[in-house]
Amino acid sequence: MELVSRQDPCLREVVWFAVCGRALTLLLQASWTSILFFSFQALFNLLIPDHAADAFSPPRLPEPGSWDLLLERLLGGLSRWDAEHFLFIAERGYLYEHNCAFFPLYPLAVRALAEGALWPFQRLLRLRSRLLLSAVLLNSLFSILAAAALYKLGCVVLRCHRVAFLAALLFSLSPANVFMAAAYSESMFAFLAFSAMWQLEKGQSWLSGLLFSLASGVRANGLINAGFFLYSCGKCFALQLQGGSGSVRKLPLLWKQLLSVGSPVVLMCAGIFLPFALFQYYAYVRFCGAGTGLEPPVPKPLLQLALDKGYRLATSDGGNPPWCSQRFPVVYSYIQDTYWNVGFLRYFELKQIPNFFLALPVTLLGLWAAWTYVVANPRHCLTLGLERRKSGEEGKPRAGFCCPAVFVYVVHATVLLAFGFFCMHVQVLTRFLGSSSPLLYWFSAHLLQEHEPLLRGEGTQRSEGTTTARSEKPLGGKAPDSCGKGPSENPLLRLLLNCRLITPLGKAILGFFVTYWLLGLILHCNFLPWT
């Protein structure tokens with residue numbers, strides 16, 4: 001994929017900014033001396049000791065060596081919370097039942113890199129340390145590629161170069177930043193999802209389907225991406241009906257049209273659901289079958305952990321788990337229900353009020369984005385974008401956040417927001433939306449571009465509440481596509497370096513991004529609860 005173009009300086013700036021952001025993240029999280037690395041994290045570790053969290057923490061087998069301890073000191077902050085699951089799966093497979101809540105593609109990629117490119121380090125580092133290093137390297141690469149894919153997607157969908165550029169820069173300052181760096185699957189999922197959306201917008205349906213299918217092998221919410229294909233099919237069919245003559249609307253021809261449009265989409269959606277189905281089948285065979293007797297023996301410390309914590313082992317002789325006898329045995333939903341109490345309104349408890357406050361900024365931003373789009377495009381939303389535009393409007397396509405092409409992304413983000421708010425642990429909404437939908441970054445960039453005096457005249461003009469590209473307006477006297485590496489040419493850096501001059505709205509948006517970016521490193525890397 002043409003993620004990096006020699007002819008696009010803005011894309012190079014996006015990649016460069018993402019590289020710098022990832023390097024700064026790794027530097028700040030490193031649990032090392034402040035004298036050697038000038039790292040704030042060393043001070044944080046002295047002032048804020050690690051929280052004794054009741055989280056999955058398997059024993060280290062075998063005992064770590066000196067190089068392992070050094071790597072753990074440098075990158076150990078990125079192996080907290082769910083990262084332990086991913087690293088454990090990459091090392092030992094799906095040994096415990098609740099490990100099956102984490103999908104296999106990311107651990108497989110981590111293991112492949114650890115056994116491949118990092119194989120020469122096996123004399124210095126044990127497997128678990130190489131897996132951690134592999135996860136950090138992979139996520140650094142995926143987060144940079146995701147920023148580039150988001151920029152490309154924004155250019156195609158928004159048709160507003162400046163908003164797409166600013167949104168991609170904001171992604172590198174994402175409130176979910178720590179999860180893009182830690183041994184979580186968010187970076188890989190964001191890269192695959194944004195790339196698939198971009199390819200679909202370009203008309204590369206089969207490549208898009210492949211990327212969406214891979215994404216559903218990384219995270220369960222990748223299944224909802226099938227909606228992009230269903231909407232594309234429905235829109236194509238509706239426009240054909242509106243554009244055809246009376247003879248085209250005859251029943252035989254309608255069926256022919258429907259089959260020609262729908263058949264590829266059915267195959268694409270089946271491909272998206274296939275990784276999920278295969279993984280559920282694998283879990284059924286592993287935990288509900290009789291076993292082959294060829295499984296390696298489980299080390300005693302891991303057996304003891306299962307006894308102490310009540311974890312179900314794949315080799316357990318205590319009978320099949322309850323989900324095995326269901327008509328459709330889906331281990332994923334069973335684990336979410338039994339181990340984490342995930343379900344409709346289950347998180348609505350008084351003790352969870354702090355977590356609702358933690359999710360409040362991204363919730364308000366998502367609702368505001370949906371409301372802004374609906375108010376700007378009421379008819380388009382009522383007709384679900386399936387109405388053919390009038391001939392007088394064909395030559396006047398709007399650009400920016402409120403353009404017609406954004407509709408399906410608004411629906412996608414709103415569905416994720418509603419599901420996450422009512423059915424999940426609400427504090428994960430920030431990383432849930434931040435790694436799955438471009439809307440958070442598009443709308444934030446739209447607001448900054450619209451309301452900030454430092455940016456208002458640069459490539460956009462305000463017209464009836466929408467943003468329209470003005471390619472004839474150069475940036476600082478330069479060509480519209482000129483995006484160098486200087487601070488004055490990076491709109492996000494310009495705002496951050498002139499924070500006293502920006503509006504209260506701009507301070508609120510950038511304050512949300514920067515505060516969550518920094519707090520995530522401080523809290524998550526010290527095993528304190530975070531999003």
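The values are calculated or read from the model by the stated rules, or taken from the named source; none is laboratory data. Since this is a predicted model, take the numbers as computed values, not measurements. Cβ sites come from the backbone with ideal geometry, for glycine too, and all protein chains shown count toward neighbours. With ligands, DNA and RNA removed, areas are computed over all heavy atoms of the protein, side chains included. Shrake-Rupley method; radii C 1.70, N 1.55, O 1.52, S 1.80 Å.
For the subset of the range 101-127 comprising residues that are surrounded by fewer than 23 Cβ atoms within 10 Å (Cβ to Cβ), part of a helix (DSSP H, G or I) and in contact (Cβ under 8 Å) with a residue 60 or more places away in the chain, which member is nearest to the chain's Cα centre (by Cα)?
Leu105
Among the residues that make up the range 332-355, is at least one of them more than 27 Å from Ser174 (Cα to Cα), among the aliphatic types (A, V, I, L, M) and touching a Leu at 6+ places or on another chain (Cβ under 7 Å)?
The answer is no; no qualifying residue exists.
Could you count how many residues in the range 1-18 are under 10 Å from Ala148 (Cα atoms), charged (D, E, K, R) and either surrounded by fewer than 19 Cβ atoms within 10 Å (Cβ to Cβ) or at pLDDT below 60 (or both)?
Matching residues across the range 1-18 total 2.
Just to verify a result, which residue in the range 427-477, among those that are modelled with pLDDT of 50 or more and among the charged types (D, E, K, R), is surrounded by the most Cβ atoms within 10 Å (Cβ to Cβ)?
Ranking the candidates gives Arg431 first.
Does Leu133 satisfy the condition of being at pLDDT 95 or above, within 24 Å of Leu528 (Cα to Cα) and not β-branched (Val, Ile, Thr)? First the steps, then the outcome.
On the way: at pLDDT 95 or above: yes; within 24 Å of Leu528 (Cα to Cα): yes; not β-branched (Val, Ile, Thr): yes.
So Leu133 fits the description; yes.
Checking the condition under 25 Å from Ser57 (Cα atoms) and among the charged types (D, E, K, R), which residue from Arg346, Arg312, Arg327 passes?
On the way: Arg346 fails: under 25 Å from Ser57 (Cα atoms); Arg327 fails: under 25 Å from Ser57 (Cα atoms).
So the residue among Arg346, Arg312, Arg327 that is under 25 Å from Ser57 (Cα atoms) and among the charged types (D, E, K, R) is Arg312.
Sort out which residues of the range 503-521 are over 14 Å from Ala445 (Cα atoms), of a type in the set (A, V, I, L, M, F, W, C) and either modelled with pLDDT of 90 or more or open to solvent by 20 Å² or more (accessible area, probe 1.4 Å) (or both), and write them in order of number.
Val514, Trp517, Leu518, Leu519
What's the total number of residues in the range 66-98 that are open to solvent by 20 Å² or more (accessible area, probe 1.4 Å) and of a type in the set (Val, Ile, Thr)?
Going through the range 66-98 one residue at a time, the tally reaches 0.
Residues to consider are Gln304, Gln352, Gln280; find the one that is on the phi < 0 side of the Ramachandran plot and out of contact with any Pro (no Cβ under 9 Å at 6 or more places or on another chain).
On the way: Gln304 fails: out of contact with any Pro (no Cβ under 9 Å at 6 or more places or on another chain); Gln280 fails: out of contact with any Pro (no Cβ under 9 Å at 6 or more places or on another chain).
Just a single option satisfies the conditions, and that option is Gln352.
On the basis of being more than 27 Å from the chain's Cα centre (by Cα), under 30 Å from Ser437 (Cα atoms) and in a loop (DSSP other than H, G, I, E, B), does Pro329 make the cut?
Values: more than 27 Å from the chain's Cα centre (by Cα): yes; under 30 Å from Ser437 (Cα atoms): yes; in a loop (DSSP other than H, G, I, E, B): yes.
Taking the combined requirement at face value, the residue satisfies it.
Listed residues Val248, Val298, Val265, Val330; which is at pLDDT 90 or above, surrounded by 11 or more Cβ atoms within 10 Å (Cβ to Cβ) and not aromatic (Phe, Trp, Tyr)? So that I can check it myself, show each step before the final result.
Numbers: Val248 fails: at pLDDT 90 or above; Val298 fails: at pLDDT 90 or above; Val265 fails: at pLDDT 90 or above.
Just a single option satisfies the conditions, and that option is Val330.
Can you pull out every residue in the range 332-368 that is free of Cβ contacts under 8 Å to residues at least 40 places away in the same chain, among the hydrophobic types (A, V, I, L, M, F, W, C) and assigned to a helix (DSSP H, G or I)?
Scanning the range 332-368 gives Leu350, Ile353, Phe357, Leu360, Leu364.
Does the range 485-498 contain any residue that is of a type in the set (A, V, I, L, M, F, W, C), part of a loop (DSSP other than H, G, I, E, B) and modelled with pLDDT of 50 or more?
No, that holds for no residue.
Determine which single condition Ser482 fails, assuming it passes every other condition in (1) of a type in the set (Ser, Thr, Tyr); (2) open to solvent by less than 40 Å² (accessible area, probe 1.4 Å); (3) at pLDDT 95 or above.
The number of the failed condition is (3).
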